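To keep things clear, I will list the structure first and then write my remarks on it.
All of the numbers you see were taken from the coordinates with simple rules; none came from a lab. This is a predicted model, so every value here is computed, not measured. As a convention, Cβ positions derive from the backbone with ideal geometry for all residues, glycine included, and neighbour counts pool all protein chains shown.
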Amino acid sequence: MVEPGSAVRVLHEVFGFSSFRGEQESIVERTVAGQDSVVLMPTGGGKSLCYQLPALLRPGVGVVVSPLIALMHDQVEALRLLGVRAAYWNSTSTPAQAAQVRAQLLDGSLDLLYVAPERLLLPAFLTLLEQVGAGPGVALFAIDEAHCVSQWGHDFRPEYLRIAEITERFPGVPRIALTATADAVTRREIHVRLALTEAAEYVSSFDRPNIRYVVEEKTDGGSQLLRFLATGDDGRGYRDEAGIVYCRSRKRTEQVAEALRAAGYDALAYHAGLDADTRAQVQQRFRREDGVVVVATIAFGMGIDKPDVRFVAHVDLPKSLEGYYQETGRAGRDGEPATAWMAYGLADVVQLRSFITGSGASAEHQRVDQIKLDAMLGYAEASTCRRRVLLAYFGEQSGDCGNCDTCLSPPVLWDATVPAQKVLSAVVRTGERFGAGHVIDVLAGRLTEKVASRGHDELPTFGVGADLDDLQWRSVIRQLVARGVLAPDPERMGALTLTASARPILSGTERVELRRFVKPEKARKTKDRSAGRGSGPATTASEPERELFEVLRAERRVIADAEGVPAYVVLPDRTLWELIATRPRTPEDLLAVNGIGPVKAERYGAAFLALLAAQEEAGA
């Protein structure tokens, strides 16, 4: 029987927090009571605590199933620094380490064990678990990244479909499935496929108010990225800040990383074509060093629990809003302002639709992928608050956020009915056999060899579009594609074809209102990063406070290097800022600071108290 109030006591004594956030307390109490739960909580919302704390309160070991080796290592390191008996058992474990974990499981000297789903499904491991269950006991099963169970999702893992087979063999052990990314369909799949039909569902807000969302029309993605990194949203830019840049291809990651290095950024490429040692080195540098930028395919990021990522950039359009939300959610986990920036163009749409039709997947799967892509296009082309569009996709309603590009610099809309009719007419008269470039040449009246050889200079539409430049015409065409008025044919190199939605526009019975194209260098006004709902101590601090923060951060780096762990595992940035705000003088004062419990106060307290005292004497 768990004593009343013990959860809050352990929360403070072990984790250093004075109170729960959101529905954490309710989830913890339900799990401690032996009941199942499905938890949807945004990245940085405190999901881990929902199973870590109950594992300490219930007898036996908590088994955490996760596909993310990097996350296992991070969390085990962090838990051990808190005095929690934690371990992992995965493909990186040596025979000696595996033998040690086996012994600890059998003698009851582990609080938490992290395993990959493949390990959980091994008959030998199941036999071991049954021995543990009959002896020291199994406290709970936590199934992290539960959206991996969805066969329609971007992170589907077939091993997840068999997890229920194992966990149901322990009927008295509570199960908790957790994810930061799941739409309504995926939520239903989690309940059904993990046999959690009776589980309570906890859905926290998907909103990450400290993240600013910015989308640019792509003209030259590489140059636009460099401009974004140089200026940011406040003119200071992102020099010496940690960030992730996502690209669609391996070759592109290498090219972008090289361009960033040439511009003075500490940039590294990461993709599945690199050998395992190189990928591990990139991950380690990103986790443990400041100011590293990783340019990656979607292979990077899952399980990297680095709180001080200041930006996530996409130079190519993601395939779905789920993937985009998950990737952008790796920014600003510390609650400080961060930016999710993306450049997208018509070529992205053509390429992604080509991927879908050429995937070899079933017709139903292709249909679902197309629906997901359409939702992504709707977000990219939004003329209203982007956050509202993003949250609505996950079934959450909100007002205008005041912290995205469309709120801060509302787009200018214009009556594009006539230009749209010109485009559609040119597409029809050229036989619906050509891509955007050729159609624009016809509209602009350019007598290229291709135009002349096909006699398209004789068409009524030749030269009728001289009033707009190429970038403006591309913007019109891209928005018509995003609205489903035009469709690129992937089997004919992206040739534009008309859909049924084009008829009322051509006949003049439907008016077309589009976003007016603005050149990228003028698209974003410099904004104070403390605007909107994303302000934090890093943006409001005085210059002396910033200097003190750097002093504390340097000391944290020394400690982290000595411990062999990432700096944020010692103390996160938000705890350093709270030290500056509260100026504790004694070890007892330290215990009132969020993120510092008795173990950390004893291990690191003296060093930080000495620095604070020295700064106070110096008048800082």
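Sorted largest first, the spans of the alpha carbon positions of region 190-329 along the three principal axes are 55, 37, 29 Å.
Taking every DSSP helix (H) stretch of at least 4 residues in the chain, weighting each as -39,500 (n - 2.57) and dividing the sum by the residue count yields a mean residue ellipticity at 222 nm of -13500 deg cm²/dmol. Note that region 349-365 has calculated 3J(HN,Hα) couplings of 5, 4, 5, 5, 5, 5, 4, 5, 6, x, 6, x, 6, 5, 4, 5, 5 Hz, one per residue in order, obtained from phi through the Karplus relation 6.51 cos²θ - 1.76 cosθ + 1.60 (θ = phi - 60°); glycine and proline are x.
Using only alpha carbon pairs under 8 Å that are at least six residues apart, calculate the relative contact order of region 270-407 and give it in whole percent. Each step should come with its number before you reach the end.
Values: 144 pairs, mean separation 24.4, N = 138.
Reported relative contact order: 18 percent.
Applying a DSSP loop filter and a limit of 16 other Cβ atoms within 10 Å to the trypsin sites (Lys or Arg not before Pro) in region 228-282 leaves Arg236, Arg239.
For region 116-133, backbone phi angles converted through the Karplus equation (6.51, -1.76, 1.60; θ = phi - 60°) give residue-by-residue couplings of 7, x, 4, 5, 4, 7, 5, x, 5, 6, 4, 4, 4, 4, 5, 5, 5, x Hz, Gly and Pro being listed as x. The ranking of Cys404, Cys148 from fewest to most other beta carbons within 10 Å of each one's beta carbon is Cys404, Cys148. Of all DSSP bridge pairs formed entirely within the chain, close to 10 percent run antiparallel.
Once fully extended, how much extra length lies between Gln284 and Glu616, figured as 0.36 nm per residue of separation less the alpha-carbon to alpha-carbon distance?
Values: separation 332, 0.36 × 332 = 119.52 nm, distance 3.53 nm.
Additional length available on full extension: 116.0 nm.
For region 289-378, the calculated P(r), taken from all Cα-Cα distances in 5 Å bins from zero up to the bin holding the longest distance, is 3, 13, 21, 22, 16, 12, 8, 5, 1, 0 percent. Normalised by the number of residues in region 413-517, the mean separation of alpha-carbon contacts (under 8 Å, six or more apart) gives a relative contact order of 39 percent. What does the C-alpha gyration tensor say about the overall shape of region 412-494? Classify as rounded when a/c is under 1.5, otherwise prolate if a/b is larger than b/c, or oblate. In terms of gyration-tensor shape, oblate. The Cα-based radius of gyration of the chain, divided by its Kirkwood radius, gives an Rg/Rh of 1.01.
Counting other C-beta atoms within 10 Å, which of Val214, Val245, Val185, Val451 has the fewest, and how do the rest follow?
Ordered by Cβ neighbours within 10 Å, fewest first: Val185, Val451, Val214, Val245.
Packing, taken as the mean count of other beta carbons within 10 Å per residue, orders the peptides 452-458, 464-470, 57-63 from highest to lowest as 57-63, 464-470, 452-458.
What full-extension length gain, to one decimal in nm, is calculated for Thr582 and Arg239 as 0.36 nm per residue of separation minus the Cα-Cα distance?
Here the answer is 120.6 nm.
Taking all Cα pairs closer than 8 Å and separated by 6 or more residues, the relative contact order of the chain comes to 14 percent. What FRET efficiency comes out for the pair Thr357/Arg261, r = Cβ-Cβ distance, R0 = 51 Å, nearest 0.05? Efficiency computed from Cβ-Cβ geometry: 0.90. Taking amide H positions as modeled 1.01 Å from N, with prolines and chain starts lacking one, the residues under 5 Å from Arg212 and 5 or more places away or on another chain are Ala338, Thr339, Ala340.
Shown for the chain: lysine pairs separated by 8 or more places, or found on different chains, whose C-alpha atoms are under 18 Å apart, numbering 7.
With the simple spin-label model, which puts each label point 7 Å out from Cα in the Cβ direction, the Ser26 to Ala276 separation comes to 4.4 nm. Counting neighbouring beta carbons within 10 Å and listing from fewest to most, the residues Ser362, Ser37 come out as Ser362, Ser37.
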